[in-house]
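Participant: Got a structure for you, written out below as C-alpha cells; questions coming shortly.
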Amino acid sequence: MSERPTTTTDAGIAAPSDEHSQSIGPNGPLLLQDHYLIQKMAHFNRERVPERVVHAKGGGAFGVLEITEDVSQYTKAGLFQPGARTESLVRFSTVAGELGSADSGRDPRGFAIKFYTEDGNYDLVGNNTPVFFIRDPQKFSDFIHSQKRRADNHLRDNNMQWDFWTLSPESAHQVSFLMTDRGTPFSWRHMNGYGSHTFLWYNAAGEKFWVKYHFKTDQGIKNLTGEEADALLAVDADVHLRDLYETIKRGEHPSWTVQVQVMPFEDAADYRFNPFDLTKVWPHADYPPITIGTWTLNRNPENYFAEIEQASFEPANLVPGIGASPDKMLQGRLFSYPDAHRYRIGPNYLQLPVNRPKNAVHSYNKDGAMAFVNPPDPVYAPNTVGGPAADPELWKGDSYEVAGEIIRSAYTLHREDDDFGQPRALWEKVLSDTDRDHMVSNIVGHASAAEVTADTKKRVVEYWRNVQKDLGDRVAKGLGVNGA
Ligand code: NDP
C-alpha cells in the first residue's frame, strides 16, 4: 500500500480524482454536483487577502532576544530583565512597492518585531532608519500616495515624490538617509533596525524614562550602490527574501546587538530637540546607547502565507513596563496598524497561530468572523461569577501629566527644532567623501527622471541647499539648474 495520504476535500472527504472533473460522457458538460471541483475553483478565487497598502513586499524569520545586562532600574518589562530569553518573529519589508515588487529598490526597509513575552505580545514596529519623512499622521496617507502610483496612468512618478518632499521640509532628514547607500541595503541581515519612535519605560517603583531602541547588525552594515541595486532589479526581484531564507537554512544565524538610549523623564521638557519628533534622532553624545542584549534569527517560517503574510504587528501591543510616548506618528500608528489587520485578516486576526500570544488570553471580546477561540461565560464585566478582572497595579507608572490648549499647530518648545540641522550633521560629520559622492549621484539620478519638471528641480536644489550649501550646489550642477 502507498505511503501517500489520500487527497481529500477541505471537509476531509476522500477526493474522487486529482485530474478529472465529472462530466456527462467524454465530451459532455461538467456537473454542478462536482463539489470537489467547485470547492477548488471557489477557494482559488479567494486565495489573496488584501495586500498591505504599505510594506506589502517582505519576508521574515523567527528568533530569540537574550538580555545580557541589567536595565531593571529603567523598566520592569519581563522581556528586558537580566537573563530573559524571548521568542520572536521579524518581518522585513520595502515600503512603497507592491507584493511582487523587487527587494533592491531605493526605499526604507521595515523592521517589525513581535516578542512573544510571558506578559503578552510586545511588538516593536520600526525601520532600518532612526527617523521618518513626516512628524504628523495627518500627512501619512498623502505622503504614501506621493510614493505610490498616479491616478491617470498608474505609473510611479518621481515628480510627485519630490513635489511632496520639497513642500514638506521635515522630510529632509529621512530623504537624506534614503539617498545615501543605506537606501539600498545589501541584505536584510546587513542593516540596523531602529524602534524610531520614543517610548516610555517605567520600573517597578513606577519611575519613568524615555527610550529609543537600536538593533545594530553584527554582520556589519553593507549596502549596494545605486548601480548595483538597479542591476539587481532585473536579475532577482526576491534577492533579500532569498538571502535571509538561504542563510538560515544553511545554519547561519544572523544577529543584532540590542541597544537603548535612555532619557530621564524630566529631560524631555527642555531638551534641545523635541524628543518625540520622529524626524529627529537623539545625538549619541547626549544619550549614549547602552547595550542590553542580543537578538538572533534562527528559524525560517515553514509556511510563508500563514506565518509571514498573515503576521500582524502593531505598535499598540505594549506590555507592562513599556508605554507610548506623545510622538504624534506613534499615536497615529497605535490606531492604524490594528485597524489594517482587522480589515486585511479579520477581527479575530490575533487568534491565528503566528499572532496569538504564548500566555492565556482572558478577553471579553467575542464572536465575529472566524472566531476560533471564543471566551466562555461570563461574557461581560463586571460580574459576580468569577470572570477575569483587570489588575491596575501592573500598569503603575504608565501615566504622566499633560495640560494645554487644544490646537492644530507645528509650534515647538524646543530651541533646535529646525528641519535641516540634523541632516546637515549627517552630511558634514558622519558621511565619508564616498558616501557624499553617492548621495549626490543618487539624488541627481532620482530627480533627473523624465517626469520631473524644471520647477520641481529648482525646488529640489533649494531643499538640498537648505540642508547644506555645498550639497545643494552639487545637486544643482548635476541637474543643470541655473545658479549652479
Ligand atoms: P554620532 O557621530 O555620535 O553618530 C553618528 C551615527 O551615524 C553613527 O553612530 C552611526 O549610527 C550613523 N552612521 C554612520 N555612518 C552612517 C551613514 N553612512 N549613513 C547614515 N548613518 C550613519 O553623531 P550624532 O548621534 O550626533 O548624529 C549625527 C547624525 O548622524 C544625525 O543627525 C543623524 O543624521 C545620524 N545618525 C544618528 C543616529 C543617532 O541615533 N544618534 C543614528 C543613525 C544616524 P548607527 O550605528 O546607528 O548606524
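Participant: Give the number of residues within the stretch 184-195 that are surrounded by 23 or more Cβ atoms within 10 Å (Cβ to Cβ) and within 11 Å of the ligand (Cβ to nearest atom).
Facilitator: Final tally of qualifying residues: 2.
Participant: Also, I was wondering about something else. Take the conditions more than 16 Å from the ligand (Cβ to nearest atom), over 30 Å from I407 (Cβ atoms) and over 17 Å from the mean Cα position of the chain (by Cα) and apply them to D119. Does it pass? It would help to see each step written out before you state the result.
Facilitator: Values: more than 16 Å from the ligand (Cβ to nearest atom): yes; over 30 Å from I407 (Cβ atoms): yes; over 17 Å from the mean Cα position of the chain (by Cα): yes.
Against the criterion (more than 16 Å from the ligand (Cβ to nearest atom), over 30 Å from I407 (Cβ atoms) and over 17 Å from the mean Cα position of the chain (by Cα)), D119 qualifies.
Participant: Can you name the residue in the stretch 306-344 that is of a type in the set (K, R) and touching a Phe, Trp or Tyr at 6+ places or on another chain (Cβ under 9 Å) and, of all such residues, is least open to solvent (accessible area, probe 1.4 Å)? Even if it seems obvious, please write down each step before you answer.
Facilitator: Here is the first cut: in the stretch 306-344, the ones of a type in the set (K, R) are 328, 333, 342, 344.
The next check asks that each one be touching a Phe, Trp or Tyr at 6+ places or on another chain (Cβ under 9 Å); those that pass are 328, 333, 342.
Working: K328: 101, R333: 37, R342: 112 Å².
So, considering only residues that are of a type in the set (K, R) and touching a Phe, Trp or Tyr at 6+ places or on another chain (Cβ under 9 Å), the one least open to solvent (accessible area, probe 1.4 Å) is R333.
A quick yes/no check of all residues on (1) open to solvent by 10 Å² or more (accessible area, probe 1.4 Å); (2) within 16 Å of the ligand (Cβ to nearest atom); (3) in a helix (DSSP H, G or I):
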{"residue": "V131", "(1), (2), (3)": "no, yes, no"}
{"residue": "Q138", "(1), (2), (3)": "yes, no, yes"}
{"residue": "H154", "(1), (2), (3)": "yes, no, no"}
{"residue": "N159", "(1), (2), (3)": "yes, no, yes"}
{"residue": "F177", "(1), (2), (3)": "yes, yes, yes"}
{"residue": "R182", "(1), (2), (3)": "yes, yes, yes"}
{"residue": "H197", "(1), (2), (3)": "no, yes, no"}
{"residue": "L200", "(1), (2), (3)": "no, no, no"}
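Participant: List, please: which pairs have Cβ atoms under 7 Å, are six or more places apart or on different chains, and start with a residue in the stretch 417-434 that is within 8 Å of the ligand (Cβ to nearest atom) and end with one that is of a type in the set (A, V, I, L, M, F, W, C) and open to solvent by 30 Å² or more (accessible area, probe 1.4 Å)?
Facilitator: Final answer for the pair search is Q422/V281.
Participant: Take E302 and tell me if it is more than 15 Å from the ligand (Cβ to nearest atom), part of a loop (DSSP other than H, G, I, E, B) and open to solvent by less than 50 Å² (accessible area, probe 1.4 Å).
Facilitator: Details: more than 15 Å from the ligand (Cβ to nearest atom): yes; part of a loop (DSSP other than H, G, I, E, B): yes; open to solvent by less than 50 Å² (accessible area, probe 1.4 Å): no.
Against the criterion (more than 15 Å from the ligand (Cβ to nearest atom), part of a loop (DSSP other than H, G, I, E, B) and open to solvent by less than 50 Å² (accessible area, probe 1.4 Å)), E302 does not qualify.
Participant: Separate question: Go through the stretch 222-249 and report how many residues are among the small types (G, A, S) and either touching a strand residue (DSSP E or B) at 6+ places or on another chain (Cβ under 6 Å) or not in a helix (DSSP H, G or I) (or both).
Facilitator: Step one: of the stretch 222-249, the residues among the small types (G, A, S) are 226, 229, 231, 234, 237.
Filter once more, keeping what is either touching a strand residue (DSSP E or B) at 6+ places or on another chain (Cβ under 6 Å) or not in a helix (DSSP H, G or I) (or both): 237.
Residues flagged as among the small types (G, A, S) and either touching a strand residue (DSSP E or B) at 6+ places or on another chain (Cβ under 6 Å) or not in a helix (DSSP H, G or I) (or both) within the stretch 222-249 amount to 1.
Participant: Would you mind listing the helices (runs of 4 or more DSSP H) fully within the stretch 367-484 where at least 2 residues are hydroxyl-bearing (S, T, Y)?
Facilitator: Numbers: elements: 421-425, 433-447, 454-467, 469-479.
Qualifying helices (runs of 4 or more DSSP H): 433-447, 454-467.
Participant: Can I ask one more? Taking into account only those residues within the stretch 264-286 that are within 12 Å of the ligand (Cβ to nearest atom) and among the aliphatic types (A, V, I, L, M), which is surrounded by the fewest Cβ atoms within 10 Å (Cβ to Cβ)?
Facilitator: The extreme case among them is A285.
Participant: What single numbered condition from (1) open to solvent by 30 Å² or more (accessible area, probe 1.4 Å); (2) within 16 Å of the ligand (Cβ to nearest atom); (3) touching a residue at least 40 places away in the same chain (Cβ under 8 Å) fails to hold for K148?
Facilitator: Unmet for K148, out of (1) open to solvent by 30 Å² or more (accessible area, probe 1.4 Å); (2) within 16 Å of the ligand (Cβ to nearest atom); (3) touching a residue at least 40 places away in the same chain (Cβ under 8 Å): (2).
Participant: Report the residue count in the stretch 94-116 for those that are more than 11 Å from the chain's Cα centre (by Cα) and within 16 Å of the ligand (Cβ to nearest atom).
Facilitator: Count: 2.
Participant: I would also like to ask the following. Test of understanding: among H214, H173, which residue is within 11 Å of the ligand (Cβ to nearest atom) and over 16 Å from the mean Cα position of the chain (by Cα)?
Facilitator: Of the residues listed, the single one that is within 11 Å of the ligand (Cβ to nearest atom) and over 16 Å from the mean Cα position of the chain (by Cα) is H173.
The values are calculated or read from the model by the stated rules, or taken from the named source; none is laboratory data. Quick caveat: nothing in here was measured; it's all calculated off a predicted structure. For neighbour counting, all protein chains shown are included, and Cβ atoms are generated from backbone atoms with ideal geometry for every residue, glycine included. Please note that ligands, DNA and RNA were not included when accessible areas were found on the heavy atoms of the full protein model with its side chains. Shrake-Rupley method; radii C 1.70, N 1.55, O 1.52, S 1.80 Å.
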